[in-house]
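Input: a single structure, listed below in structure tokens.
The values are calculated or read from the model by the stated rules, or taken from the named source; none is laboratory data. No experiment lies behind these values; they were computed from the predicted model shown. Cβ placement follows ideal geometry from the backbone for every residue including glycine, while neighbour counts extend to all protein chains displayed. We work out accessible area using only protein heavy atoms, side chains counted, and drop any ligands, DNA or RNA first. Shrake-Rupley method; radii C 1.70, N 1.55, O 1.52, S 1.80 Å.
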Amino acid sequence: MDLSTDNQTDPGEKKGRFALQPSSQQHKASLEGLPVELRVTILRAVADVPSLSALVRSSPLYHEVYRGQRQSLLMSVLSNELTPKILFEASLVAEAANIRIHRKFSPSSNEDDLMSALNGVALNVLVKIAQYQYAMYYLAEDFYKSTLSQHPITFANLAPISLSSFELRRFYRACYRFEIFSYLFWTLIENPTTGSEWGHRSDRHPGSVYFPSFEHWEVEEIYCLRDYIYRRYDTVLKEGKEELDEVFYRQEAMDGWPGQTEEEIRSRMMAKGIGDYASMIETAMGYGLEFLAYTLRVQDSQEKILRIEARLGPSFSFISHAGLFLTKSLDYSQSLRQPRTRGEAQQLAKVEFTNDQDQKSPNAAWPWPLQFGDNCFNFGAPYSNKSSFRSWGYVMWDKKRLDAMEILEKEVVSFRAHGPLISHGVMLTDLPLDDFDDFDDFEESD
């Protein structure tokens, strides 16, 4: 069974990161000379899907073993790559049609329970996850380049360092939880009537139903993913500005009234502002990460815009119903969970980093900005206004990487409120620089 998707190139396989490459024909022959039981053991121990694909394609004997035990072997390899907890959430994405909106999502932390649940996952679901992982490989590498190509304080160029398995798992976890959220709630947002009714029920608001199931730092992972998606779509829209203007023109011509003049259409088209771009990005975001990877893989900037137009539909009025579904839900969840007293803030600040292998521990950077003085009366401040941290994906990285950048040795105030504007520039969804009161102060202090 082909584990790759049509018309997609695995970014890892292209560079040989995942490919299994025997050192000699003799080594390959020795692998094929092993008894069947050992071949199964070897296949179960493979680290990731591309390596499994490379092995079964290179050896007819291993391909035969794989065909005979596809379900259990895919389960083992995906568990090796993702961990059972992330694989369980990935299975929910693949079986999204079976998820019911009225059920609160409660991820289990018991690995035995998760493996028991995963034993019932159908083969076609596992194949879908394996195929989906190829989009994840591409996006993980792109996320790294987008967030850490420059030092977050000095803005000096950073030499690329391969992502660890722990960093990849944090990224995968955020991605699959983002996808679950989209499947659970996007149908409500697509329907303006239902979405409006949902928004008036605080006990059923997406921000109160879904995100409280996760730890604070796990929600921050999704925030970092959201900022990355915004930045990448923003780049696509800027690079394809000429074609984007034509898209806006076609949308306004369709949404306008009979007998409208071209001057009237152009006037409305030129009036597009921050809210329009934000709604367009949030709507595209609602169609998932596979669509993002599908769009970013195209080299031609105009073709990227045309892909977005084809996916969103011809009418701009539809886009206006997006309602910033992810951003508002994340912000609403954060407002509910912010500490209300000094005691609550101090209790949260006690959460410590243990090690990067511990899946239940935050990474070393999450506790670091939770600093407040005894005279600070805004207890929620350390838990909000984190754009300067999220822009470089602070909760995704291992302590080894953070130490190499000397991040944890810096004072939190080194990261000024609008530092990302200097390193990356203003997005179409940002206010003009003149509207940021402390931007001039930042330039002077720099």
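General observations
- Of the whole protein surface, Leu52 contributes about 0 Å² of accessible area at a 1.4 Å probe radius.
- Probe 1.4 Å - accessible area at Glu309, Å² to nearest ten: 30
- The 3J(HN,Hα) values that the Karplus relation (6.51, -1.76, 1.60; θ = phi - 60°) gives for the stretch 149-158 are, in residue order, 6, 10, 5, x, 10, 8, 6, 5, 5, 10 Hz. Gly and Pro appear as x.
- Per-residue packing, averaged as other Cβ atoms within 10 Å, sorts the ranges 208-214, 336-342 into the order 208-214, 336-342, beginning with the highest.
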